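Working notes for the structure below.
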Amino acid sequence: MVLNSKYIQSAHLVLFIFAFTSVSGACSYPFDDGPWRTDSYPLELLATAPAAGAFDVSRFPQIDLYFDEAPETMGLSASQITLSSGSLRTPGQLEVDLIERRLRFIPGSRLRADLRYRVTLAANLLAIDGRQLGREISYTFTTGTSERSAQVPDGKVVAAAEIQGIWQDRCVSCHGKNGRAGLDLSSVESARLSLLGVASSAVPMQLIKAGDHASSYLMRKLLGSASIVGEPMPPSADQALNSEELAMVAKWIDSGAL
């Protein structure tokens with residue numbers, strides 16, 4: 001069969017329009033620099049410890065939940081994570097680690113031996129970038145007879161003098177005496193006055209909330225997280241704090257920022 005050139009051109013045009021509309025329907029390109037990310041996808045639970053289905057779990061566990069983004073501390077409630085076995089419910093407290101993107105549930109009492117427990121995450125659990133879990137998630141583990149602690153804190157305290165070197169190297173050029181945003185990080189004392197318990201002008205958080213790095217806005221600026229206003233600090237990528245330095249700052253804040 002022989003097709004004339006006009007038929008072939010028309011067929012090519014139809015295929016081009018179909019391909020274009022298919023791609024356009026799948027992606028959004030509001031700017032010329034490529035695909036534009038949206039936040040329509042939910043917060044994702046990546047891993048748990050103890051793992052789902054685990055046996056012989058300590059009766060003093062720390063239940064760690066790892067996500068693709070750190071959980072939001074503002075509005076976080078212990079009711080959003082429940083630990084139960086049948087009608088038996090074990091209350092506990094929550095801790096957030098911004099660096100590890102981890103939510104930790106610490107039971108308030110020893111668990112019973114040889115019993116299956118269910119961990120349930122509420123659908124409205126929120127990440128710092130505004131995404132929600134979007135659906136209830138639950139999994140189970142079974143305790144053993146051991147009463148060993150799942151993890152033992154190292155007890156190390158990081159002092160302000162140890163952190164001052166980081167401020168001196170990365171921050172003082174902009175945030176020294178009479179520095180930008182009213183921050184003076186040129187000495188231990190001036191840094192304490194500028195940061196500790198001081199309200200952020202950008203969001204309803206303290207720059208440093210002693211004992212809680214996850215609720216300290218400064219930590220979010222250092223991490224460059226999605227919840228910040230403006231640029232991360234330091235603004236230059238080659239000056240950004242490395243993982244060891246970020247862990248030191250978090251430990252300092254959690255130690256009381258003294």
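Can you find a residue in the range 206-216 that is outside the structural domain of ALA70 (by TED's automatic domain parsing) and without any contact (Cβ under 8 Å) to a residue 12 or more places away in the chain?
Yes, some residue in the range 206-216 is outside the structural domain of ALA70 (by TED's automatic domain parsing) and without any contact (Cβ under 8 Å) to a residue 12 or more places away in the chain.
Got a sec? Which of SER194, SER190, SER200 is surrounded by 16 or more Cβ atoms within 10 Å (Cβ to Cβ) and more than 20 Å from GLN168 (Cβ to Cβ)?
SER200
Would the range 44-54 turn up any residue that is modelled with pLDDT of 95 or more, within 16 Å of ALA122 (Cα to Cα), among the aliphatic types (A, V, I, L, M) and in a loop (DSSP other than H, G, I, E, B)?
Checked against the condition, which is being modelled with pLDDT of 95 or more, within 16 Å of ALA122 (Cα to Cα), among the aliphatic types (A, V, I, L, M) and in a loop (DSSP other than H, G, I, E, B), the range 44-54 yields no hits at all.
Being modelled with pLDDT under 95 and touching a helix residue (DSSP H, G or I) at 6+ places or on another chain (Cβ under 9 Å): is that true of ALA191 here?
When the stated conditions are applied, ALA191 passes them.
What residue, among those in the range 232-256 that are in a loop (DSSP other than H, G, I, E, B) and closer than 21 Å to GLU72 by Cβ, is nearest to the chain's Cα centre (by Cα)?
Result: PRO232.
Restricting the search to the range 190-215, which residues are outside any loop (DSSP other than H, G, I, E, B) and farther than 12 Å from GLY256 by Cβ?
SER190, ALA191, LEU193, SER194, LEU195, ALA199, GLN206, ALA214, SER215
Conditions tested, residue by residue: (1) more than 22 Å from ALA226 (Cα to Cα); (2) surrounded by fewer than 12 Cβ atoms within 10 Å (Cβ to Cβ); (3) touching a His at 6+ places or on another chain (Cβ under 9 Å); (4) of a type outside the set (A, V, I, L, M, F, W, C).
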| site | (1), (2), (3), (4) |
| --- | --- |
| GLY92 | yes, no, no, yes |
| GLU100 | no, no, no, yes |
| ILE106 | yes, no, no, no |
| ARG112 | yes, no, no, yes |
| VAL119 | yes, no, no, no |
| LEU126 | no, no, no, no |
| GLY144 | yes, no, no, yes |
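Could you look through the range 194-235, keep only residues that are touching a helix residue (DSSP H, G or I) at 6+ places or on another chain (Cβ under 6 Å) and polar (S, T, N, Q), and pick out the one that is farthest from GLN132 (Cα to Cα)?
SER200
The values are calculated or read from the model by the stated rules, or taken from the named source; none is laboratory data. Being a predicted model, the structure only gives us computed values, none of them experimental. Counting neighbours? That spans all protein chains shown, and the Cβs are built from the backbone with ideal geometry, glycine included.
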